[in-house]
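These notes concern the structure reproduced below.
The values are calculated or read from the model by the stated rules, or taken from the named source; none is laboratory data. Predicted model, so just to flag it, every value in this text is computed and none were measured. Note that each Cβ is placed from the backbone with ideal geometry, even for glycine, and that neighbours are counted across all protein chains shown. Surface accessibility is based on the protein's heavy atoms, side chains included, excluding ligands, DNA and RNA. Shrake-Rupley method; radii C 1.70, N 1.55, O 1.52, S 1.80 Å.
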Amino acid sequence: MQLGIFSVGDVTTDPTTGRTPTEHERIKATVAIAKKAEEVGLDVFATGEHHNPPFISSGPTTTLAFIAAQTERIILSTSTTLITTTDPVLIAEDYAKLQHLADGRVDLMMGRGNTGPVYPWFGKDIRDGIPLAIENYHLLHRLWREEVVDWEGRYRTPLQGYTSTPRPLDGVPPFVWHGSIRSPEIAEQAAYYGDGFFSNHIFWPAEHTARMVELYRRRFEHYGHGSADQAIVGIGGQVFMRRDSKAAVDEFRPYFDNAPVYGHGPSLEDFMEQTPLTVGSPQQVLERTLGFREYVGDYQRQLFLLDHAGLPLKTVLEQLDLLGEILPDLRAGFAEGRPAHVPDAPTHASLVATGTAGSTTSDASSAAVAS
């Protein structure tokens with residue numbers, strides 16, 4: 001079981017002090033948070049991708065390469081790589097190079113993002129979001145697995161005799177997760193390729209997440225990649241901890257109430273009841289997180305959102321210390337009763353050891369996924 005954190009890179013005013021961090025401070029804080037995540041024993045640090053204020057998460061490969069140079073063990077990932085608006089040729093090059101720089105400690109999560117205006121900024125139409133995700137990923141999949149690619153599609157200029165460089169490290173592309181909150185087409189895409197599916201259910205009730213994961217598992221088995229319970233699943237979550245649960249709620253409440261994404265809406269108590277947000281003691285976070293298996297089954301990756309809504313860096317680092325304290329119990333809890341045939345999340349080392357470069361697919365089959 002991989003346990004980690006993800007960041008969206010928001011630059012948000014601290015509602016308790018009125019101070020807004022500078023972009024420079026927020027970028028540096030992201031690096032400090034990633035290094036602390038490794039220090040406390042987490043397995044994964046992931047960063048998002050946004051191209052608009054108030055975010056600093058553009059250029060994720062630059063950030064992750066800088067972090068890679070200062071860490072040794074932690075897997076570096078994206079919580080969104082915008083497969084819809086980023087040229088798949090550029091993704092192929094950038095993440096293969098990052099693979100080399102990080103000695104294989106890289107995977108990535110494809111997503112469409114949640115910022116509508118980004119599409120025209122990059123010459124795309126938001127109404128083509130799903131077809132773009134399907135076509136662009138099919139090209140990326142080929143670029144990492146075929147030395148020479150001839151290709152023609154709807155959304156970019158054709159390629160003739162094209163070779164993406166550098167080639168993936170050890171001939172094994174980075175493992176790919178497909179992230180979605182609400183789109184069954186993306187769960188289908190992940191299942192078709194035998195890739196991972198990450199259901200970032202931070203804004204949604206358990207029932208919705210359960211349906212998305214069940215669809216992915218069922219289709220994963222349909223496409224012959226293994227049994228449904230062997231599908232590679234990741235989910236998101238949000239936590240805020242203090243030793244005393246009331247102190248946690250009191251401290252976090254102004255951040256929740258003023259957060260751009262969910263402030264001025266449901267109460268903190270209602271949101272905690274209806275979504276995975278857990279604000280309380282470390283023991284409450286432990287118990288709530290282990291309960292996720294009740295509706296998604298045994299899964300491979302759990303990522304928490306900690307650094308958002310204007311929380312200062314000092315507080316985020318304290319959250320990481322508290323999370324580190326319950327890591328052994330989280331690992332033991334997730335391992336308890338886990339069937340032996342349920343796989344771990346793929347890593348570069350495991351993919352090299354098994355000689356797995358990812359599933360191969362035909363153009364005709366990928367067209368069927370899109371239809």
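When you check residue 150 against the structure, is it more than 17 Å from the chain's Cα centre (by Cα) and either closer than 19 Å to residue 352 by Cβ or in a helix (DSSP H, G or I) (or both), yes or no?
no
Does residue 187 satisfy the criteria of being among the aliphatic types (A, V, I, L, M) and open to solvent by less than 20 Å² (accessible area, probe 1.4 Å)? Step through it out loud before you land on a result.
Values: among the aliphatic types (A, V, I, L, M): yes; open to solvent by less than 20 Å² (accessible area, probe 1.4 Å): yes.
In short, yes.
Does at least one position in segment 112-126 carry a residue that is at pLDDT 90 or above and of a type outside the set (Phe, Trp, Tyr)?
no
Restricting to segment 1-60, give me the number of residues that are in a loop (DSSP other than H, G, I, E, B) and in contact with a helix residue (DSSP H, G or I) (Cβ under 6 Å, 6 or more places away or on another chain). First the steps, then the outcome.
So in segment 1-60, the residues in a loop (DSSP other than H, G, I, E, B) come out as 1, 8-9, 11-22, 40-43, 48-54, 56-59.
Next, from what is left, pick out any that are in contact with a helix residue (DSSP H, G or I) (Cβ under 6 Å, 6 or more places away or on another chain): 1, 11, 15-16, 40-41, 49, 51, 56.
Total meeting the criteria: 9.
Just checking, does segment 284-298 include any residue being in contact (Cβ under 8 Å) with a residue 40 or more places away in the chain, assigned to a loop (DSSP other than H, G, I, E, B) and open to solvent by 40 Å² or more (accessible area, probe 1.4 Å)?
no
Which one is most open to solvent (accessible area, probe 1.4 Å) among residues in segment 263-282 that are touching a residue at least 12 places away in the same chain (Cβ under 8 Å) and assigned to a helix (DSSP H, G or I)?
274
Within segment 68-86, is even one residue among the hydrophobic types (A, V, I, L, M, F, W, C) and touching a residue at least 60 places away in the same chain (Cβ under 8 Å)? First the steps, then the outcome.
Of segment 68-86, the ones among the hydrophobic types (A, V, I, L, M, F, W, C) are 68-69, 74-76, 82-83.
Next, only the ones that are touching a residue at least 60 places away in the same chain (Cβ under 8 Å) stay: 74-75.
Looking for residues that are among the hydrophobic types (A, V, I, L, M, F, W, C) and touching a residue at least 60 places away in the same chain (Cβ under 8 Å), one finds at least one in segment 68-86, hence yes.
Please determine whether any residue of segment 124-131 is in contact with a Phe, Trp or Tyr (Cβ under 6 Å, 6 or more places away or on another chain) and not in a loop (DSSP other than H, G, I, E, B).
Among the residues of segment 124-131, at least one is in contact with a Phe, Trp or Tyr (Cβ under 6 Å, 6 or more places away or on another chain) and not in a loop (DSSP other than H, G, I, E, B), which makes the answer yes.
Those residues that are part of a helix (DSSP H, G or I) and either touching a strand residue (DSSP E or B) at 6+ places or on another chain (Cβ under 8 Å) or open to solvent by 60 Å² or more (accessible area, probe 1.4 Å) (or both), I need them from segment 336-351; list them, please.
The first filter runs over segment 336-351 and keeps only residues part of a helix (DSSP H, G or I), leaving 348-351.
Scanning segment 336-351 gives 348, 349, 351.
Could you check segment 87-123 and list, in sequence order, the residues that are farther than 15 Å from residue 67 by Cβ and in a loop (DSSP other than H, G, I, E, B)?
Across segment 87-123, the qualifying residues are 87, 112, 113, 114, 115, 116, 117, 122, 123.
Among 33, 56, which is closer than 23 Å to residue 177 by Cβ, buried (at least 22 other Cβ atoms within 10 Å of the Cβ) and of a type outside the set (S, T, N, Q)?
Working: 33 fails: buried (at least 22 other Cβ atoms within 10 Å of the Cβ).
From the options 33, 56, the qualifying one is 56.
Select from segment 219-241 the residues that are open to solvent by 40 Å² or more (accessible area, probe 1.4 Å), without any contact (Cβ under 8 Å) to a residue 60 or more places away in the chain and out of contact with any Ser or Thr (no Cβ under 7 Å at 6 or more places or on another chain) and write down the one among them that is nearest to residue 310 (Cα to Cα).
Restricting to residues being open to solvent by 40 Å² or more (accessible area, probe 1.4 Å), without any contact (Cβ under 8 Å) to a residue 60 or more places away in the chain and out of contact with any Ser or Thr (no Cβ under 7 Å at 6 or more places or on another chain), the top hit is 219.
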